[in-house]
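Working notes for the structure below.
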Amino acid sequence: MTTAAVRQLTVREAAERRRAIRAYEPGPLPRADIEAILRVAGLAPSAFNLQPWRFVVVEREDLKARLSEAAGQQRQTVSAPAIIVLYTDTADAVATADAVVHPGNSPERRTRARSSIDRQFSATSDDEREAWGAAQGYIALGFLLLAAESFGYQTSPMLGFDAEKVKAALVLPTHVRVPALIAIGHGAEEGLPHHRHPLERIARFI
Ligand SMILES: Cc1cc2nc3c(=O)[nH]c(=O)nc-3n(C[C@H](O)[C@H](O)[C@H](O)COP(=O)(O)O)c2cc1C
């Protein structure tokens with residue numbers, strides 16, 4: 001079913017319904033749906049609006065097999081019709097930062113924003129810079145998982161993989177980070193009911 005045929009869920013409904021799903025129906029995914037999901041993921045906020053996240057939607061069987069091998073043959077990587085590789089390239093984001101400084105701001109504010117970005121990264125190592133970007137990537141991951149559920153798809157986020165093998169399979173630059181692989185498709189299982197801390201355990205009002 002494509003998005004046109006599905007009532008899109010509210011954020012709350014998507015959050016309540018989403019589960020990590022590890023078995024999928026076969027069959028191709030409509031490109032328009034995946035693009036719609038990635039557009040929502042791209043609406044995630046990021047510090048300085050740098051948007052260091054990049055997505056590779058892998059549907060080719062030979063490449064999926066390499067990702068599956070990199071992820072220890074986790075069963076969701078075998079049955080999902082697509083695996084999204086979420087990687088972050090902060091070097092690229094910083095080098096092209098002029099593109100993300102908001103055009104609605106005055107020229108002075110734009111110059112200040114650009115200087116803040118340069119100052120932030122001038123004293124950090126390449127490793128620190130890329131770790132910073134990977135943290136921003138997880139914001140996009142959260143948006144992506146909810147968007148997919150909202151559009152009628154299920155997902156399985158993964159950190160259990162060898163990032164170097166993933167980079168080699170997709171010929172990604174060595175400096176990038178890979179915050180997550182995401183298996184996506186129509187789920188063929190229910191997943192486990194949510195098992196979460198009660199609010200009192202994770203929040204307090206003072
Ligand atoms: C960043 C991240 C990495 C994860 N890595 C894996 C993984 O490698 N393999 C796996 O089976 N599940 C993985 N999970 C799924 C979690 O185990 C799952 O989200 C958690 O147990 C809560 O269950 P739920 O998503 O069904 O609510 C990951 C989840 C996140 C958010």
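Where a number appears in this text, it was derived from the coordinates with a stated rule and is not lab data. Predicted model, so just to flag it, every value in this text is computed and none were measured. Cβ: placed from backbone, ideal geometry, glycine included. Neighbour counts: every protein chain shown.
In nm, to one decimal, how far is the modelled label at Leu170 from the one at Gln8, with both set 7 Å along Cα→Cβ?
2.4
Assuming 1.567 mPa s and 4 °C, estimate D for the chain with Stokes-Einstein, Rh taken as the Kirkwood radius over Cα pairs, in µm²/s. Let's see the in-between values first.
On the way: Rh = 18.4 Å.
For these conditions, the coefficient is 70 µm²/s.
Extension gain His195-Leu63, at 0.36 nm per residue separation less the Cα-Cα distance, in nm?
44.1 nm
Could you calculate the FRET efficiency of Asn105 with Glu25 from 1/(1 + (r/R0)^6), where r is the beta carbon distance between them and R0 is 30 Å, rounded to 0.05?
On the way: r = 47 Å, r/R0 = 1.55.
Approximately 0.05, to the nearest 0.05.
In µm²/s, what is D for the range 63-129 at 25 °C and 0.890 mPa s, where D = kT/(6 pi eta Rh) by Stokes-Einstein and Rh is the Kirkwood radius from Cα pairs? Don't skip to the answer; put the middle values down first.
Values: Rh = 15.1 Å.
For these conditions, the coefficient is 162 µm²/s.
Mind checking the dipole of the chain: about its Cα centre, +1 per Lys or Arg Cβ, -1 per Asp or Glu Cβ, Debye to the nearest 20?
On the way: 25 positive and 24 negative charges, 106 e Å.
Here the chain has a charge dipole of around 500 debye.
Please report, to one decimal in angstroms, the Kirkwood hydrodynamic radius of the range 1-81 built from all distinct Cα-Cα pairs. Present the calculation step by step, with values, prior to reporting the outcome.
Working: mean 1/r = 0.0662 Å⁻¹.
One over the average 1/r among Cα pairs gives 15.1 Å for the range 1-81.
Check which residues have an amide H placed less than 5 Å from His175's amide H, if you skip close sequence neighbours.
Amide H to amide H, under 5 Å and 5 or more residues apart or across chains, His175 pairs with nothing.
By how many nm would the segment from Arg39 to Thr124 grow when fully extended, if each residue of separation counts as 0.36 nm and the alpha-carbon distance is taken off? Don't skip to the answer; put the middle values down first.
Values: separation 85, 0.36 × 85 = 30.60 nm, distance 3.03 nm.
That works out to 27.6 nm of additional length.
Restricting to bridges with both residues inside the chain, how much of the DSSP beta-bridge set is antiparallel, in percent to the nearest 5? Before the final figure, lay out the partial values.
Working: 18 of 19 bridges.
Bridges in the chain are about 95 percent antiparallel.
Which far-off residues, 5 or more places away or on another chain, put their amide H under 5 Å from the one on Val58, with H placed in the peptide plane?
Amide H to amide H, under 5 Å and 5 or more residues apart or across chains, Val58 pairs with Ile83, Ile84, Val85.
Which is the longest stretch in the chain that no exposed loop site breaks, taking sites as trypsin sites (Lys or Arg not before Pro) with a DSSP loop state and at most 12 other Cβ atoms within 10 Å? The partial results should precede the final answer.
Working: sites that count: Arg7, Arg60, Arg196, Arg204.
Looking at the chain, 61-195 is the longest stretch - no exposed trypsin sites (Lys or Arg not before Pro) with at most 12 other Cβ atoms within 10 Å.
For helix 126-150, report the angle its Cα long axis makes with the longest principal axis of the Cα atoms of the chain; keep it between 0 and 90° and round to the nearest 10°.
Once rounded, one gets 40 degrees.
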